[in-house]
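No lab work stands behind these numbers, since they all come straight from the coordinates. Model, not experiment: these values are computed from the prediction.
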Amino acid sequence: MQGRSFKANEVTQEICDRSRVFRLLGSDNRVILLDSRPTDSPTAPPNLYVLAGHENTF
């Protein structure tokens, strides 16, 4: 999973976790909603992530 700058499209954060499967649930222009489950237990309850930009893009 990568975080990128809205302005310059540069990678600002990168997370590589092969023990989890990430799934995009939805997004709009400002917020992304993901869930993740353990790779070895795909029916386990998911963790939810709400990702929002931290740069002033106005």
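Percentage of Cα-Cα pair distances in the range 2-52 greater than 13 Å, rounded to whole percent? Tail of P(r) above 13 Å: 64 percent of Cα pairs.
Under the 0.36 nm per residue contour assumption, what length would be gained going from the current alpha-carbon distance of LEU51 and ASP17 to full extension? My answer for the length gained is 10.6 nm.
Relative contact order, whole percent, for the chain stands at 26, derived from Cα pairs under 8 Å and 6 or more residues apart.
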